[in-house]
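Q: Below: one structure in structure tokens.
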Amino acid sequence: MNQNAIVDILLIEDNMNDAELTIRQLKKYNLANNLVHVTDGEEALDFIFCTGNYTGRTIDKLPKLILLDIQMPKINGQEVLLKVKSDPRTRVIPVVMLTSSKEDPDIKKCYALGANSYIVKPVNFEGFAEAIKNLGFYWLLLNQPPV
């Protein structure tokens, strides 16, 4: 991948099955042309802030949308969310928590940290597929980001 290519979606998901389903659904509706998938919070922060393996990137090529799981190795989703929303360069990126946690404290904390949306992954395939389709259409086609 060209490190300075436009990135529409940064998918941060350690569960490969969930990642594959998400990518497949986004591709089905032509919403995954410029998608990058990383599997842990540390790699996500490296990608976003152009450090580690991503030092060749420039921070002005920010993702249009971040899909973020909470439970991940190395650095969890809430820590990634905090860092993204605490930095003036990245705080405008919409961050959608896409997780299996229905725990009220998780939901409240994510919104307090600046999450733009919190979606609990449906258990069945049809529900998950519909949620991903709607998510992609809304955040990439309908939502108007700050200029």
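Q: Calculated from DSSP H runs of 4 or more alone, at -39500 (n - 2.57) each and per residue, what is the 222 nm mean residue ellipticity of the chain, nearest 500?
A: -11000 deg cm²/dmol
Q: Additional query: Picking from 98, 35, 68, which is most flexible by a Gaussian network model of the chain using Cα springs under 10 Å?
A: Result: 35 has the largest fluctuation of those listed.
Q: With equal scatterers on the alpha carbons only and no solvent term, can you work out the Debye log10 of I(q)/I(0) for the chain at 0.21 1/Å?
A: -1.51
Q: Trypsin sites (Lys or Arg not before Pro), restricted to the range 1-70: which are DSSP loop and have at most 13 other Cβ atoms within 10 Å? Mind dumping the intermediate values first?
A: Numbers: sites: 24, 27, 28, 57, 61, 64; in loops: 57, 61, 64.
Counting only loop positions with at most 13 other Cβ atoms within 10 Å, the trypsin sites (Lys or Arg not before Pro) in the range 1-70 are 61.
Q: May I pose another question? What number comes out for the charge environment of residue 30, summing +1 per Lys or Arg and -1 per Asp or Glu over other residues with Cβ under 14 Å away? Each step should come with its number before you reach the end.
A: On the way: positive: 24, 27, 28, 133; negative: 8.
Neighbour charge sum, excluding residue 30 itself: +3.
Bear in mind that the values in this text are calculations on the coordinates, not laboratory data. This one's a predicted model, so the numbers in the text were calculated from it and none came from an experiment. Ideal geometry is used to build each Cβ from the backbone, glycine not excepted, and the neighbour counts take in all protein chains shown.
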